[in-house]
Amino acid sequence: MELKKLPDSQIELEIEVSAEELDHHYKHALEHAREHVQADGFRKGNAPNSIVESKIGSEHLLADAADFAVKDAYSKAIKEHGLEPIGHPEIQILKLAKGNPFLFKLKVSVLPDVKLPDYKKIAEKAERQKVSVSEDEIENTLNYVRKSRAKFTASNKPAELKDFIEIEYESPQIISSGRTKDQFALGEGGFVKGFEENIIGMNNGEEKEFKVPFPKDYIKKDLAGKDVQFKLKVLSIQNVELPELTDEFAKSLGKFDNLDAVRKNIKDGLTLEKEAESRQKTRLYILDSIAKDSKVQIPQPLVDFEKNNLFNAFKDKITHDHNVLWEKYLESVKQNDQSLKETFNKEAERKVKSFLILREIGKKENIFVADEELEKEVNQTLRRYPKEAAEKIDIQELKEYTKGVIYNEKVFLKLESFIK
């Protein structure tokens, strides 16, 4: 067995299978084929070798034997050389004849070696950011809770700020699928400036056409600085009555004795959120700092795989979350699938490099995921889904994903332990 390292994180193996081993695999192929051969005078699966060979063909059986030999030899080569292949190997048969050694080459991408800097010293320099929650943040959250418990009553008056309204509107420049509906508190809908102002004073059932000047720095360049035409109808107007901030209101929210208990609960929740956000920033700082001084050849198959994931996630967001026809979106940004996919190349490379670095640190720190903790986490995940949805989940895929999440979390915790 001869191994050669090739560019782009590929290796080439030249493997020879002895005549005796090939004969063993040939017999295996014969037994496998026998199960599918029907011969007069014999029950299915009991035909003699000579009949099986005549019906299937010795060349076909030899090809099957070669497949079995390749799989067996490839599996042994992976273990012997400690390889971590990516994707399926390319096979080139060099010599194949019954009664002779079988010679073949295979080429496959493998996970590359990673040369890390002194990641412990890099992690030592990171700072743990202290977080704090202001009174304004607590009150804003409390007001959000108030709004979620608001009472709505139909209004016969023209729409005014803070009324809860439902509208139906269209704009050929923005919406390709005709009309769309939306509902929100007037003045808090988050639309481009000028849109909601046009609704103030409209009555229930009233229709109106108007133009809104879009900002020059608008995210969609084809709309930036232009007047966009809208046709809108008010479907309903409701008055909003917010509950008073009293101890009785606090008790209605759950196991709270008074309003102060609610405020404390909000503060604790916001603190946890901010701590998680701060931890994420610290982790990204450490990882980016390590990546700057790491040397690794990034395998293209992994980049292509990650690029496809990013592209598909983006496409799903555009078509489902924003309800925009994909063809219309491509037309608006003057791209096709392939050219748009290439825009994710840099991000894909960054994600792959991060994966390789975390994996290498984990190896050096003897980090692993035990079967017990993996099973526990997978079961917890499955319990979050309804029974019918859980049955449709690919368990093996879920396990691989969960294992990666647990592994990365352990690596980051180890890196955080070096912070002084």
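Bear in mind these aren't lab numbers, they're just calculated from the coordinates by the rules spelled out. None of the values given here were measured: they were computed from a predicted structure. FYI the Cβ positions are ideal-geometry reconstructions off the backbone, even for glycines, and counts take in every protein chain you see.
How charged is the neighbourhood of residue 283? Take every other residue with its Cβ under 13 Å from the Cβ of residue 283, and add Lys/Arg as +1 and Asp/Glu as -1. Result for the neighbourhood of residue 283: -1. Quick one: net charge around residue 241, please, counting Lys, Arg +1 and Asp, Glu -1 for every other residue with C-beta under 13 Å from its C-beta. Around residue 241, the surrounding residues sum to +3. Dipole of region 151-241 computed with +1 at Lys/Arg Cβ and -1 at Asp/Glu Cβ about the Cα centre; of 175, 232, 194, farthest Cα towards the positive end is 175. Helical runs assigned H by DSSP (4 residues or longer) give the chain a calculated mean residue ellipticity at 222 nm of -15500 deg cm²/dmol, each run adding -39500 (n - 2.57) before division by the residue total. A simple charge model with +1 on the Cβ of Lys and Arg, -1 on the Cβ of Asp and Glu and nothing else charged puts the dipole of region 2-110 at about 180 debye relative to its Cα centre. Straight-line cross-link reach from residue 403 at under 20 Å between alpha-carbon atoms covers these lysines, not counting any fewer than eight positions away in the same chain: 351, 353, 363, 364, 376, 392, 414. As an equivalent ellipsoid, region 151-241 spans semi-axes of 25, 13, 11 angstrom, where each value is the square root of five times an eigenvalue of the C-alpha gyration tensor, largest first.
Rounded, prolate or oblate: which fits region 202-361 when a ≥ b ≥ c are the square roots of the eigenvalues of the alpha-carbon gyration tensor, with rounded for a/c under 1.5 and prolate only if a/b beats b/c?
In terms of gyration-tensor shape, oblate.
Across every direction, the projection of the convex hull enclosing the Cα atoms of the chain has a mean area of 33.1 nm². Give the distance, in whole Å, between the Cα centre of region 192-248 and the Cα centre of region 97-129. Region 192-248 and region 97-129 have Cα centres separated by 55 Å. Overall form of region 2-110: prolate. Here a/c, set by the Cα gyration tensor axes a ≥ b ≥ c, is 1.5 or more, and a/b is the larger of a/b and b/c. Estimated from the Cβ-Cβ distance and a Förster radius of 51 angstrom, the FRET efficiency linking residue 14 and residue 275 is about 0.40. Shape call for region 355-420 from the C-alpha gyration tensor, a ≥ b ≥ c root eigenvalues: rounded (a/c under 1.5), prolate (a/b greater than b/c) or oblate? Taking the square roots of the gyration eigenvalues as a ≥ b ≥ c, region 355-420 is prolate.
Just to confirm a number: summing +1 for Lys and Arg and -1 for Asp and Glu over residues other than residue 89 whose beta-carbon lies under 14 angstrom from that of residue 89, what do you get? After counting each charged neighbour, the total is -1.
A quarter of the convex hull surface defined by the alpha-carbon atoms of region 331-393 gives 7.9 nm² as the mean projection.
For the chain, a simple Cβ point-charge model (Lys and Arg +1, Asp and Glu -1, everything else neutral) yields a dipole of about 720 debye relative to the Cα centre. The long axis of helix 371-383 is offset from the longest Cα principal axis of the chain by roughly 50 degrees.
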